[in-house]
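As structure tokens, the structure follows; a few thoughts come after it.
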């Protein structure tokens with residue numbers, strides 16, 4: 001049986017700093033050994049790596065589960081416990097289902113402070129309840145529909161040994177259960193990524209094998225004034241997480257640098273990464289060659305090396321050209 005690689009968990013940490021994450025996704029047809037892969041980094045000198053273990057268990061009818069916000073430990077409420085849960089180590093369960101995330105934030109007015117399910121709990125509860133990526137999407141969206149979504153906008157990487165998906169989700173506002181969401185399957189043989197900015201733009205409306213979405217994702221945006229136009233022209237990211245310079249330069253820039261290291265032709269998007277235009281990158285690209293675990297580990301060490309954005313040289317670098325130092329994202333040079 002083909003496997004899904006789990007080295008993502010080495011980098012994982014619990015953090016109150018949500019906007020420092022990067023996920024890279026490799027489908028089985030894009031890997032040298034037929035594995036799917038997800039990376040999950042949370043970059044900060046303040047963070048400490050942690051792995052969580054949830055043993056498989058059986059529960060009686062009527063059992064309840066206490067939900068605590070993953071970032072802060074705040075008690076959010078109680079939900080129904082599943083009768084059977086699966087063994088989870090890190091961000092993968094016994095069925096080789098893996099889930100990672102990056103926070104894109106999006107429209108602040110859509111956060112529901114009364115929701116019972118935050119993004120971290122959503123990951124770990126789902127890993128205990130689902131066997132496949134498609135089942136995980138069903139579990140995640142049903143949980144927030146029943147109990148409400150507590151967090152801001154999130155991009156989730158979801159993979160099993162056969163498929164890899166991106167699910168993007170944002171709430172509906174104070175007191176409103178459910179979420180606005182879209183899930184897109186990454187075609188086999190391709191790679192994808194996200195880094196704190198919503199990446200799903202236009203998506204197919206009649207292709208359930210490759211795209212799933214909440215029933216009112218377009219209607220809700222239209223009613224809120226986030227979108228005007230025909231359904232087929234709807235852009236999820238534009239409606240729920242409009243671009244600004246930081247989203248392009250600091251977030252999509254990381255995805256661009258990963259893409260340009262494994263797929264030729266990405267230099268044409270450098271002007272977008274500079275913030276000079278809004279010609280966005282594709283959601284996924286075909287790598288020039290199949291990637292190994294070591295190849296992907298090398299990608300995740302990237303600091304824009306060899307480009308004009310190189311973090312090892314110039315005023316933006318640390319002492320002795322060290323790219324890993326405490327720094328603000330922007331500063332004024334006088």
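With the requirement that a residue be more than 27 Å from residue 43 (Cβ to Cβ) and crowded, with 16+ Cβ neighbours inside 10 Å, what does segment 77-92 give you? Explain how you work it out, then say what you get.
The initial filter retains those residues of segment 77-92 that are more than 27 Å from residue 43 (Cβ to Cβ), namely 77-87.
77, 79, 81, 82, 85, 86 - these are the residues of segment 77-92 that are more than 27 Å from residue 43 (Cβ to Cβ) and crowded, with 16+ Cβ neighbours inside 10 Å.
Checking each residue in segment 197-235 for being part of a loop (DSSP other than H, G, I, E, B), touching a helix residue (DSSP H, G or I) at 6+ places or on another chain (Cβ under 9 Å) and in contact (Cβ under 8 Å) with a residue 24 or more places away in the chain picks out 197, 198, 199, 200, 201, 202, 203, 205, 214, 216, 226, 234.
Only a single criterion out of (1) surrounded by fewer than 17 Cβ atoms within 10 Å (Cβ to Cβ); (2) at pLDDT 95 or above is not satisfied by residue 196, namely (1).
Which residues, taken from segment 269-288, are free of Cβ contacts under 8 Å to residues at least 40 places away in the same chain, part of a loop (DSSP other than H, G, I, E, B) and in contact with a helix residue (DSSP H, G or I) (Cβ under 8 Å, 6 or more places away or on another chain)?
Residues of segment 269-288 that are free of Cβ contacts under 8 Å to residues at least 40 places away in the same chain, as a first pass: 269-279, 281-282, 288.
From the residues that got through so far, the ones that are part of a loop (DSSP other than H, G, I, E, B) too are 274-279, 281-282, 288.
Across segment 269-288, the qualifying residues are 274, 275, 277, 278, 279, 281, 288.
Looking at this structure, is residue 137 in a helix (DSSP H, G or I), within 23 Å of residue 164 (Cβ to Cβ) and touching a residue at least 40 places away in the same chain (Cβ under 8 Å)? Write out each step before concluding.
Working: in a helix (DSSP H, G or I): yes; within 23 Å of residue 164 (Cβ to Cβ): yes; touching a residue at least 40 places away in the same chain (Cβ under 8 Å): yes.
Criteria met by residue 137.
When residue 297 is tested against (1) out of contact with any strand residue (DSSP E or B) (no Cβ under 7 Å at 6 or more places or on another chain); (2) surrounded by 17 or more Cβ atoms within 10 Å (Cβ to Cβ); (3) in contact (Cβ under 8 Å) with a residue 40 or more places away in the chain; (4) part of a helix (DSSP H, G or I), exactly one condition is not met: (2). Of all positions in segment 182-191, none carries a residue that is within 16 Å of the chain's Cα centre (by Cα) and either assigned to a helix (DSSP H, G or I) or over 30 Å from residue 264 (Cβ atoms) (or both).
Can you name the residue in segment 236-268 that is in a loop (DSSP other than H, G, I, E, B) and in contact with a strand residue (DSSP E or B) (Cβ under 7 Å, 6 or more places away or on another chain) and, of all such residues, is farthest from residue 291 (Cα to Cα)?
Start the filter on segment 236-268 by keeping residues that are in a loop (DSSP other than H, G, I, E, B), which leaves 241-244, 263-265.
Among the residues that remain, those that are also in contact with a strand residue (DSSP E or B) (Cβ under 7 Å, 6 or more places away or on another chain) are: 241, 263.
Numbers: 241: 31, 263: 11 Å.
For segment 236-268, the residue satisfying everything is 241.
Restricting attention to segment 39-58 and to residues that are part of a loop (DSSP other than H, G, I, E, B) and closer than 18 Å to residue 251 by Cα, the residue that is modelled with the lowest pLDDT turns out to be 44.
Quick one: is residue 58 out of contact with any helix residue (DSSP H, G or I) (no Cβ under 9 Å at 6 or more places or on another chain), surrounded by fewer than 20 Cβ atoms within 10 Å (Cβ to Cβ) and farther than 27 Å from residue 259 by Cβ? Working first, answer last.
Working: out of contact with any helix residue (DSSP H, G or I) (no Cβ under 9 Å at 6 or more places or on another chain): yes; surrounded by fewer than 20 Cβ atoms within 10 Å (Cβ to Cβ): yes; farther than 27 Å from residue 259 by Cβ: yes.
Taking the combined requirement at face value, the residue satisfies it.
Picking from residues in segment 93-109 that are surrounded by 22 or more Cβ atoms within 10 Å (Cβ to Cβ) and more than 14 Å from the chain's Cα centre (by Cα), the one that is farthest from residue 35 (Cα to Cα) is 93. Taking the conditions (1) surrounded by fewer than 17 Cβ atoms within 10 Å (Cβ to Cβ); (2) modelled with pLDDT of 90 or more; (3) closer than 20 Å to residue 20 by Cα in turn, residue 282 satisfies each one other than (3).
The values are calculated or read from the model by the stated rules, or taken from the named source; none is laboratory data. None of the values given here were measured: they were computed from a predicted structure. Please note: Cβ atoms are built from the backbone with ideal geometry, for glycine as well, and neighbour counts cover all protein chains shown.
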